[in-house]
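Participant: Have a look at this one before I ask anything.
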Amino acid sequence: MAVNEHFKAFRTATKLGWQIESNWTDPLLFAVYSVIKPVAASLILVFMYLVITRGKTGTELFAYIYVGNAFYIFVGNVLFGISWVIHDDREHYEMLKYIYLSPIRIYIYLLGRGMAKLFVSAISVAIALVFGALFLKVPLGLFEIDYPYLFGALLIGLAGIIAFGIILAGVCLITARHSGGISEAIAGAFYLLCGVVFPLDVLPGWAQAIGRALPSTYWIEAMRRAALGEKIIGVSQLLGRLSEGELLLVLLGTTIGLVIFSHLFFKWAEQRARHRGLLDQRTNY
Amino acid sequence: MRASALSTNLRAIWARAYVRVVGANRELSWLFFDTFLPLLGTAAYVFIYKAMQAPPEFTGFVILGGAMTAYWMNVLWNMASQFYWEKEMGQLELFLIAPISPMAILLGMALGGMFMTTVRAGAVLILGSLIFGVKFTVQQPLMLALIFFLTMAALYGLGMLFASLFMLYGREAWHLSNLLQEPVYLLSGFYFPVRGLGFWVAAAASLIPLTLGLDGIRQLAFGGRGWGFIPPEWELAILALLSIAFISFARRALRLMEELGKREGRLTLRWQ
Amino acid sequence: MHPAIEVIQLKRLFRKKQARRAWRTVVALEGIDLEIQEGELFGVLGPNGAGKTTLIKILATLLLPTSGQALVDGIDVVKDPHEVRRRINMVSGGEHSGYGILTVKETLWMFSQFYGVPTKVARERINELLRVVGLEEEANTKINRLSTGMRQKMNFARGFVSDPKIVFLDEPTLGLDVGAARDVRSFIKSWVKERPGKTVLLTTHYMTEAEELCDRVAIIDRGKILACDTPENLQRRVKKESIFHLEVEGLDSWDGLKGLPGVRQLAATSRDGFTELRFILEHEDVLTHLLSAIAEQGSRVLYLRKTEPTLEDVFIELVGRSLEVDTTER
C-alpha cells in the first residue's frame, strides 16, 4: 500500500478511536472526566506523602515522585489504548476479523486507535503538572523547562511505550478476556521497576537490573530532568550518574531493542492466533 | 412439580458461578496477569514508603490495601459491568426472560469471581507479607472476619447497584467505573490510613464499604489503633447498615432500570 | 379457557434520535389484535421492519407496549412478567450469544438451571435435544469452535431445554443453510405435534416456512396486521384470480403493464438484464393483451408459468409489493 493509503488508514483509525473514546457523553462531561482521573491518581501519592511527612511538599523527593507519577499517565493509558483494541474489537464489536481482512496494516490500525488515549493522556499530564505547580509547590517553571529535550525524550519514550503496547496486543490475541486487566497489571509492574515514584536505588539489586533494561526507566528520568532540571539529580544515585545526553542515548538504544522485539513477538502471536483460529473467538464469561 | 422461586434462584446462582469458575480454569493466563503482576504494583507502593522512610507498619497497610484492590476491581469490572457485556453478547435478554431475579445472576457472578479474586488477594497478602516481612498481630479474629464479611456484602451490594446502571447506560457506566477507580483508591485509603484525609472527608468516604472495612481490618490485623479512623466496633455496625442499604437499593434499582429499559426499548440495544 | 396468547390494541412507538438533537417517532406496532389458541403453531409473516420482533419482545417481557394489552397464558406481560417468564422461552435467528469458553452441554445445563430444572432431568433433556438437533457429537465442544449452523442449533436446543409452555421463535432459520434450516423446521413441527398444549409463535419472512409449518398465519406490514387465517384460506383469497410468472428479456419499463385493463397486481424484480414479473390477473384472457404489450416494447418472453397462489401472492395482493422490498426505514 502506498504511503498516503497508510496515512488514510491511520487517520481513519484515529477518528474511530476518538469517537469510541469520547462520544459516550457530551464534551463538557468528557472534559470533567479527563481532569478528575489524573488529578485523583496524583492525589493518592500526595496524601501518602503528606501522612508521612506531615505536610511538607516543597521537597526534592516530592517533586521527584510527583513529576514521575504525572508522566507515568502516558504509560498506563497508551498501553491500555493499544492492547485493549484487540479484545474490544474481537469480542465486543466483532470487527477484528474485518480489520484483518482489509489490506491495512494492523500496526497502523492499532496505532491509530491508540492515538485518542495518547491525546487524552497528554492533556491529563499537563493538568497534573499544572496542578502540582499551582497547589503543591512542585518547582515547575514554564520558562525553565528544557522543551527541546522534553519533546525529544517524549517522542522516543512514546515509541517505547507503543512498542510495549504492541507486545501486549499480541498477548491479547492469544489469551482470553478475563477482565481486561492485562495492561493495568503490566503498567503496575512498570510502576515498580522503572523508578516512577521512588528512586531505583531503593529496589534490591535484581530488580534494579530489570529496571535498567527497560526504556521507560530512562524515559521517566529524562522527562523529570527536562521538567525539573538539576534539582532532582541527587535523588537517584544510580541514574544521577548519567548526563542528559547519555540518558537520551541509552533511552534510544533500549527503545530500538524493544521495538524490534515487539515486532517479532507480535508477528509470532499473530501467526499463533491465525493457526488456532483465535482472530474471531469470543472468550468472555 | 414446579420449582419454587427460591430453588430456581439458587440454581441460577450456582449455574452462573459455575461459568466463572470453569472459565477461569480453562485459560490460565490470568494467574500471571491478574495475580502475579498486581503483586508488583502493590510492591511499588511499599517501596514508595521505604523511599519516604515511613514507619514499618505502613508496609502492612499497603499489602492489605493491595489485597483488597482485587475485590474492588472484581466488583467494578467483573460484576458491575457484566450486564453491559452480557447485553453486548446477546445474553442479557436470555437472562431476563428466565423466571429468576437479576440479583441471582449477579450473585452467581460474584461468587464465581470470588475464586479468581481470592487467589489474587491471597497471593498479594501471603507473598507480600513474606517478601516484605510483614508481621500480623491479629486481635479479635472473629471481629476481623465479621468486618471482612460485611465489607464484602456491602461492596457487592454496591456492585449490584452499579450493575443496574450498566444494564442501561452501557458506555457511560463503563466510563464511570473507569473514573471511579483512582478516586476510590484515594478516598478509601487503599495505600494510606484514611484518617489522613481529615475527619469529614473520611466520613464521607465511609459510604464506600472498603473505607471502613480496610480501616477496621488494619486496626485488628496490626494490633494497634493508632492509625485508625474510628473504633472497629463502630465500623462493624456501619458496615452492617451499609450492607442492608446497598442490597435493598440494588434490588430496587435493578427493577427500576429494567422497567426503564423495557419502556425505552434499550434492554436489548447493543453498542449504546 | 383463555387463549395462549392474546394481544389487544397493542401499540408500540419508538423515538429515534436524528442529527442535531431532533427526534422522530417510529410506529413499530399500530394497535394490533391477535388471539392464538393453545396448541397452535402460529406464524407472523412480514418483511424486515414490519414489527415482528417488536411483537415478540413485548410478549417475551423484554419491552413494554406504549398502549394496549398483551396476555401470555392469561397473564398480563406488564403487570406480572415474572409469571409469564415461567412459561416461555425464546430463540432468535442469527443469534450468536454464548460463552465461547463453555461446551455445548455446559451452556445448555446453565440455562436449564435458570428455569429451575433439576440437574438429572436437565441432563436427560439435553441429551435428547442434542440427539434431535444432530449435535450429539459436539456435546463437549466449546461454543467458540462451533460453526454458525451448529451454534444456531445449540441456541435452538436452549430454547426448549426448559420445556416451556409457549415458545417464541424469532426468524429461527435466519442465516442457516438449507439442510440446517430443514432440520430446524422438522424439529419445530414434531415438537408441537408430540406435545398438545404447547404453543409456538414463529416470526419469519420466508413464505415457504410459514406455509409449511403454520396452522395459522398473520401477515404484518408496517406495524399492522393485514390478514390472519390459515395458509389455505389466505391463498383462497387470490385463487379466483390467475397468477402468472414471466421471465422477460430487454424490458425497459413495466409501468405501462400495470395500467393494462384486467391487471390486478404486478410485482417486478430485475436481475442481470432479465426481469421477473409476477402478475395477478382478473382472468386468464388478459394474458394475451399482456404478452402483446411486452412484445410491442421489443422484449422477449423467455419463460411463462401459471401458479397456484402462494402466501407471497397473498402478501402482494394485500400490500402491493413483494416481500423482498425492505421496509426497515419508513
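Here, each number is a calculation from the coordinates, and none is a lab measurement. Treat the numbers as computed from the prediction; the structure is a model and nothing was measured. For neighbour counting, all protein chains shown are included, and Cβ atoms are generated from backbone atoms with ideal geometry for every residue, glycine included.
Participant: At 0.36 nm per residue, and after removing the present C-alpha to C-alpha distance, how many nm does the segment from A:GLU60 to A:GLU94 gain when stretched out fully?
Facilitator: 7.3 nm
Participant: Under 8 Å for C-alpha pairs, at least 6 residues apart: give me the relative contact order for region C:69-213, rounded to a whole percent.
Facilitator: Reported relative contact order: 28 percent.
Participant: For a Förster distance of 25 Å, can you work out the FRET efficiency between the beta-carbons of C:LYS11 and C:GLU35, rounded to the nearest 0.05?
Facilitator: Result of the calculation: an efficiency of 0.90.
Participant: Give the angle, between 0 and 90 degrees and rounded to the nearest 10, that separates the Cα long axis of helix A:182-193 from the longest principal axis of the Cα atoms of chain A.
Facilitator: 30 degrees
Participant: Could I ask something else about it? Let me have the 222 nm mean residue ellipticity of chain B computed from DSSP H runs of 4+ only, each contributing -39500 (n - 2.57), with the sum over all residues rounded to the nearest 500.
Facilitator: Computed ellipticity for chain B at 222 nm equals -25000 deg cm²/dmol.
Participant: A further question on this structure: Which one, C:PRO231, C:PRO3, B:LEU179, is farthest towards the positive end of the dipole of the protein assembly as shown when Lys and Arg carry +1 and Asp and Glu -1 on their Cβ?
Facilitator: Most positive-ward Cα: B:LEU179.
Participant: Could you state the number of Å between the C-alpha centres of region B:218-272 and region A:206-285?
Facilitator: One Cα centre to the other: 40 Å.
Participant: Within 10 Å of each Cβ in C:110-122, how many Cβ atoms from other chains are there, averaged over the peptide?
Facilitator: Counting other chains' Cβ atoms within 10 Å and averaging over C:110-122 gives 6.
Participant: For chain C, modelled as a Gaussian network with Cα springs under 10 Å, which listed residue fluctuates most, C:LEU318, C:LEU202, C:LEU169?
Facilitator: Checking each option, the largest mean-square fluctuation is seen for C:LEU318.
Participant: Another question, if that's okay. Where the centroid of each part is defined by its Cα atoms, how far is region B:36-81 from region C:58-92 in Å?
Facilitator: 48 Å
Participant: Let me spell out the model: positive unit charges on the Cβ of Lys and Arg, negative unit charges on the Cβ of Asp and Glu, origin at the Cα centre of chain A. What dipole size does that give, in debye rounded to 20?
Facilitator: With only Lys, Arg, Asp and Glu charged at Cβ, the dipole is about 420 debye.
Participant: Still on this model: Highest GNM mean-square fluctuation, chain B, Cα pairs closer than 10 Å: which of B:PRO193, B:PRO99, B:PRO232?
Facilitator: B:PRO99
Participant: Ok, one more. Which Rg and Dmax, in Å, describe the Cα atoms of the protein assembly as shown?
Facilitator: 32.3, 105
Participant: When the C-alpha atoms of region C:22-81 are aligned to their principal axes, what extent does each axis show, in angstrom, from largest down?
Facilitator: 44, 28, 17
Participant: Under a 10 Å cutoff between Cα atoms, tell me which one of B:LEU142, B:LEU212, B:LEU236 has the largest fluctuation in the Gaussian network model of chain B.
Facilitator: Answer for the Gaussian network model of chain B: B:LEU142.
Participant: OK, next. Between helix C:119-133 and chain C, what is the angle of the helix's C-alpha long axis to the longest principal axis, kept within 0 to 90° and rounded to the nearest 10?
Facilitator: Long axis of C:119-133 versus the principal axis of chain C: about 30 degrees.
Participant: Kindly provide the pair-distance distribution of chain A built from C-alpha pairs, with 5 Å bins from 0 and whole-percent values in order of increasing distance.
Facilitator: 1, 5, 11, 16, 18, 16, 13, 9, 6, 3, 1, 0, 0
Participant: Enter the mean number of other protein chain beta carbons within 10 Å of the beta carbon of each residue in B:11-18, as an integer.
Facilitator: So the per-residue partner count for this stretch is 5.
Participant: Inverting the mean 1/r over all pairs of different Cα atoms, compute the Kirkwood radius of region B:1-101 and quote it in Å.
Facilitator: Hydrodynamic radius (Kirkwood, Cα only) of region B:1-101 equals 16.9 Å.
Participant: Is the C-alpha gyration tensor of region C:103-203 telling us rounded, prolate or oblate? Criteria: a/c under 1.5 is rounded; beyond that, a/b larger than b/c is prolate, otherwise oblate.
Facilitator: Verdict is oblate for region C:103-203.
Participant: Defining a contact as two alpha carbons under 8 Å apart and six or more residues distant in sequence, what relative contact order in percent does chain A show?
Facilitator: Relative contact order for chain A comes out at 27 percent.
Participant: Still on this structure, please answer the following. When the convex hull of the C-alpha atoms of chain B is computed, what volume per residue in Å³ does it have?
Facilitator: So the per-residue Cα hull volume is 140 Å³.
Participant: Can you tell me the length gained on complete extension of the stretch A:PHE7 to A:THR25, counting 0.36 nm per residue apart and subtracting the Cα distance?
Facilitator: Roughly 3.6 nm would be gained on extension.
Participant: Bin all alpha-carbon pair distances of region B:118-177 at 10 Å intervals from 0 and give each bin's fraction as a whole percent.
Facilitator: Percent of Cα pairs in each bin: 18, 29, 29, 19, 5.
Participant: Restricting things to alpha carbons, tell me how big region C:71-117 is in terms of Rg and Dmax, in Å.
Facilitator: Radius of gyration, then largest Cα-Cα span, for region C:71-117: 13.7, 39 Å.
Participant: On to the next question. List the GluC sites (Glu not before Pro) within region C:24-70 that DSSP assigns to loop and that have no more than 16 neighbouring Cβ atoms inside 10 Å.
Facilitator: Taking region C:24-70 and a limit of 16 other Cβ atoms within 10 Å, the loop GluC sites (Glu not before Pro) found are C:GLU38.
Participant: Whole angstrom only: what separates the Cα centroid of region A:56-84 from the Cα centroid of region C:227-300?
Facilitator: Measuring centre to centre over Cα atoms gives 74 Å.
Participant: I would also like to ask the following. Could you give the size of the charge dipole of region A:51-131 about its Cα centre, using +1 on the Cβ of each K and R and -1 on the Cβ of each D and E, expressed in debye and rounded to the nearest 20?
Facilitator: Result for region A:51-131 is approximately 140 debye, rounded to the nearest 20.
Participant: Set the Förster radius R0 to 25 Å, insert the Cβ-Cβ distance between A:LEU264 and B:ILE131 as r into 1/(1 + (r/R0)^6), and round the FRET efficiency to 0.05.
Facilitator: With R0 = 25 Å, the Cβ-Cβ based efficiency is 0.15.
Participant: Here is a further query. Quick check on the exposure proxy: order C:LEU41, B:LEU158, A:LEU118 from fewest to most C-beta atoms within 10 angstrom.
Facilitator: Neighbour counts put them in this order, fewest first: A:LEU118, C:LEU41, B:LEU158.
Participant: Have a look at region A:154-240 and give its Rg and Dmax from the Cα atoms, expressed in angstrom.
Facilitator: 14.6, 46
Participant: Give me the extension gain from A:GLU144 to A:GLU246: residue separation times 0.36 nm, minus the current Cα-Cα distance, reported in nm with one decimal.
Facilitator: 34.6 nm
Participant: Here's something else I'd like to know. By its C-alpha gyration tensor, with a ≥ b ≥ c as the square roots of the eigenvalues, how is region C:1-107 shaped: rounded for a/c under 1.5, else prolate for a/b larger than b/c, else oblate?
Facilitator: Oblate.
Participant: Rounded to the nearest 10 degrees, what's the angle between the helix B:232-264 long axis and the longest principal axis of chain B, both from Cα atoms, 0 to 90?
Facilitator: Helix B:232-264 sits at roughly 30 degrees to that axis.
Participant: Let me ask something else about it. Once you keep just the Cα pairs under 8 angstrom separated by 6 or more residues, what percentage relative contact order results for region C:1-100?
Facilitator: Relative contact order here is 31 percent.
Participant: Calculate the mean, over all residues of peptide B:98-104, of how many other protein chain Cβ atoms lie within 10 angstrom of the residue's Cβ.
Facilitator: Shielding by partners across B:98-104 averages 5.
Participant: Additional query: Give the calculated FRET efficiency between C:VAL26 and B:THR118 to the nearest 0.05, with a Förster radius of 51 Å applied to their Cβ-Cβ distance.
Facilitator: Calculated transfer efficiency: 0.55.
Participant: Let me ask something else about it. Rounded to a whole number, what is D in µm²/s for region A:1-91 from Stokes-Einstein with the Kirkwood radius over alpha-carbon pairs (10 °C, 1.306 mPa s)?
Facilitator: 98 µm²/s
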